[in-house]
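Read the structure below first, then the notes.
The values are calculated or read from the model by the stated rules, or taken from the named source; none is laboratory data. This one's a predicted model, so the numbers in the text were calculated from it and none came from an experiment. When we count neighbours, we look across all protein chains shown, and the Cβ atoms used for this are built from the backbone with ideal geometry, even at glycine.
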Amino acid sequence: MRFGYFLAVAAGCCLLTACDSSSEGGYFGEDGGMTADFIATAGDRVFFAFNRHRLTSDARGTLDRQVAWLLAHPDKAIVVEGHCDERGTREYNLALGERRAHEAVSYLVSKGLSESRVSAVSYGKDRPIEIPGAGKEEFWKQNRTAIVVLR
């Protein structure tokens, strides 16, 4: 009985959320689809090797596309989030996530993005992008990242 009630409540919430067009952006979200456009055009994340914070050539390519998009949208600021996989201590991963975020920020600024539009934060291993697997590299790879979030 409880499970059926839970399902009914959850389904109602999903329907209300999906149909809500009263926010600023209507069906495109609060930012009018800017985040979706950013992700589709430039990508919102770059990935790192295990225990590394240096940018790969693929990462630089993504960041180049992000800079181009952001220069075309001067009203948008960003936060670069540094993330790590679950291995290592919390303190170590916070420091590594910070190095990853700052590496991306430094690159973006070097390509012409104003420092006043960029901030960085590290979540270390505290906010996994994917549910960590029991030693599964494919899940760990998804968490070794810097993610650009529009503000």
*Pull up the stretch 30-51, narrow it to residues that are in contact (Cβ under 8 Å) with a residue 40 or more places away in the chain and charged (D, E, K, R), then point me to the one that is farthest from Val149 (Cα to Cα).*
Asp31
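Could you say whether any residue in the stretch 59-66 is touching a residue at least 24 places away in the same chain (Cβ under 8 Å), out of contact with any Lys or Arg (no Cβ under 8 Å at 6 or more places or on another chain) and closer than 16 Å to Gln142 by Cβ?
Yes, the conditions are met somewhere in the stretch 59-66.
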*Is it the case that some residue within the stretch 124-143 is at pLDDT 95 or above and not charged (D, E, K, R)?*
yes
